[in-house]
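Asks: Have a look at this one before I ask anything.
The values are calculated or read from the model by the stated rules, or taken from the named source; none is laboratory data. Note that the coordinates shown come from a computational prediction; the quantities given were computed from them, not determined experimentally. Note that each Cβ is placed from the backbone with ideal geometry, even for glycine, and that neighbours are counted across all protein chains shown.
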Amino acid sequence: MNDQHKVKRILIADDEPLYLRTTGQLLRQAGYECVCVPDGNAAMERLRRESFDLILSDLNMPGNLKLELLQQGRMQWPDIPLIVITGVPSLPTAIESVRLGIADYLLKPVKYEDLLASVRRVLAQPVVETPPAPRSESSHEDLSAKFPEIIGRSEPMQEVLEIVDRVAQTDTNVLITGESGTGKEVIAQAIHNHSRRGAHNFQIIDCTAIPESLFESVLFGHAKGAFTGAVKDQEGLLSRSDRGTAFFDELGELPMASQAKLLRAVQEQAFTPVGKNELRRVNTRYISATNRDLLEEVNAGRFRQDLFYRLGVLHLDLPPLRERGEDVMLLAERFLRDFQEGERRITGFSDEVVACFLRYEWPGNIRELRNVLERAVALTRTETVQLTDLPKQVRETAGNAFRSVSVLAEISREEALDNADHTYLTVLLEKHGGNVSQAARQAGLSRQGMHKLLSRHGLDAATFRK
Ligand SMILES: Nc1ncnc2c1ncn2[C@@H]1O[C@H](COP(=O)(O)OP(=O)(O)OP(=O)(O)O)[C@@H](O)[C@H]1O
């Protein structure tokens, strides 16, 4: 019989008898052959004797309390995909599961449709013949050489790179969080490039740029005549991420109604274009980014919990630049090189600039550093970048006392509030890429009022333009 049409065999391991029985029954009804066992040891026993196409395993059950089934299963049978189902999600186990190359990570109670969609998706994918990542940690040199596009030798960035390296070998959905300008998009792109999907499309979907009323049409596409203005069939953004990666930027900004539509597409790996009858299937990996605290949004009822768990199977939090120590100067040197095409006339930084860069808080993170360097390269008339080549807010804030609580006690309330205002305006301009109108709207000020305030603080909006 053609291997494709052979009935697929699933090994289900779970210590909850009722759950085990019903899962087995439901998957049998869906046409699969299922073997149900109550613990990790029994699962290993069956794996030694019989062949399976898929393992469905609980995390917290006898014989797998320290993830033994996952570890040995992946080592000895690397070509059998494994779906983990857990009632107690935790970041360490999620990371370990990802390291071991699990195919999916579901949370109990799992809805039958979700489980079936996951099983179908995993079984439809060709087996990835990559053995689980070796236990030994990659050295800093290895990781930096592997990801030359990501500059970062500091401890927190090396930890990020280790997770990026591991997660790239899986199909797990990843949620990247971090302040604005910390490199979320750069990291998402690196995960995609180093994954088996790297040869296909990395489709960026900016959630702030899609009006709620057009969400389905933009994402799923539409048929000619589906609505006024639909003059021809139009493919949606999700179709373009087929076999590749869909990157949802600013996920936290997605309105509730759009969240529900996205959830269905993610769960089912399928959607219906507006005005069409046929279901379009895709094989997409989802990476999302936000600078909001999404869990807080979930608790406040502004973000769907089910979508949060579905897209954030693995959560990667990027450290702000001020916590990356030596990376500031590595990045500064890289940008200094990049902004001088051809012959280099500027070779480095004065000692004061180095001290200033290391002291400054970088509220706009790497993007702000990049802008500062672009400006400095244009302005500098000497061989090294001087303090006077830096924007006023960098020179001044670096020297000001705001970062230290002990010094806060030494200054007047007015001065402290002024400092806080300065930091707020800097972050605001960073966020809006130097667009004064947008910044003013968010701050609840008139455009004129904002201009006045910026000039009082010596801030130049132009230096924040991307
Ligand atoms: N580790 C890195 N090495 C080199 N350049 C980087 C790194 N991280 C970020 N950058 C650069 O910094 C800038 C901002 O990065 P990116 O757009 O990925 O940030 P972000 O966190 O997605 O920002 P936002 O939250 O505003 O969308 C880009 O120009 C990017 O190329």
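Asks: Mind counting the residues in the range 68-115 that are of a type outside the set (Gly, Ala, Ser), in a loop (DSSP other than H, G, I, E, B) and modelled with pLDDT of 70 or more?
Replies: Number of matching residues: 10.
Matching residues to (1) of a type outside the set (Gly, Ala, Ser); (2) touching an Asp or Glu at 6+ places or on another chain (Cβ under 7 Å); (3) touching a residue at least 40 places away in the same chain (Cβ under 8 Å); (4) more than 16 Å from the ligand (Cβ to nearest atom):
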residue: Leu425; (1), (2), (3), (4): yes, no, no, yes
residue: Lys431; (1), (2), (3), (4): yes, no, yes, no
residue: Gly444; (1), (2), (3), (4): no, no, no, yes
residue: Leu453; (1), (2), (3), (4): yes, no, no, yes
residue: Asp460; (1), (2), (3), (4): yes, no, yes, yes
residue: Arg465; (1), (2), (3), (4): yes, no, yes, no
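Asks: Can you give me the number of residues within the range 178-227 that are away from the ligand (no atom under 11 Å from the Cβ) and assigned to a strand (DSSP E or B)?
Replies: Number of matching residues: 5.
Asks: Tell me, please, whether a residue that is surrounded by fewer than 17 Cβ atoms within 10 Å (Cβ to Cβ) and out of contact with any Gly (no Cβ under 8 Å at 6 or more places or on another chain) can be found in the range 310-320.
Replies: Within the range 310-320, not a single residue is surrounded by fewer than 17 Cβ atoms within 10 Å (Cβ to Cβ) and out of contact with any Gly (no Cβ under 8 Å at 6 or more places or on another chain).
Asks: For Glu235, only one of the following conditions fails: (1) away from the ligand (no atom under 14 Å from the Cβ); (2) within 24 Å of Asp317 (Cβ to Cβ); (3) surrounded by fewer than 18 Cβ atoms within 10 Å (Cβ to Cβ). What is its number?
Replies: If we test Glu235 against (1) away from the ligand (no atom under 14 Å from the Cβ); (2) within 24 Å of Asp317 (Cβ to Cβ); (3) surrounded by fewer than 18 Cβ atoms within 10 Å (Cβ to Cβ), just (2) comes out false.
Asks: Also, I was wondering about something else. Which residue, of Val298, Val328, Val354, is within 16 Å of the ligand (Cβ to nearest atom), surrounded by fewer than 22 Cβ atoms within 10 Å (Cβ to Cβ) and in a helix (DSSP H, G or I)?
Replies: That would be Val328, the only listed residue that is within 16 Å of the ligand (Cβ to nearest atom), surrounded by fewer than 22 Cβ atoms within 10 Å (Cβ to Cβ) and in a helix (DSSP H, G or I).
Asks: Quick check on Ala246: is it in contact with a Ser or Thr (Cβ under 8 Å, 6 or more places away or on another chain), within 16 Å of the ligand (Cβ to nearest atom), small (Gly, Ala, Ser) and touching a residue at least 60 places away in the same chain (Cβ under 8 Å)?
Replies: In short, no.
Asks: Filter the range 331-351 down to the residues that are outside any helix (DSSP H, G or I) and of a type outside the set (Lys, Arg) and list them by number.
Replies: Selection gives Phe339, Gln340, Glu341, Gly342, Glu343, Ile346, Thr347, Gly348, Phe349, Ser350.
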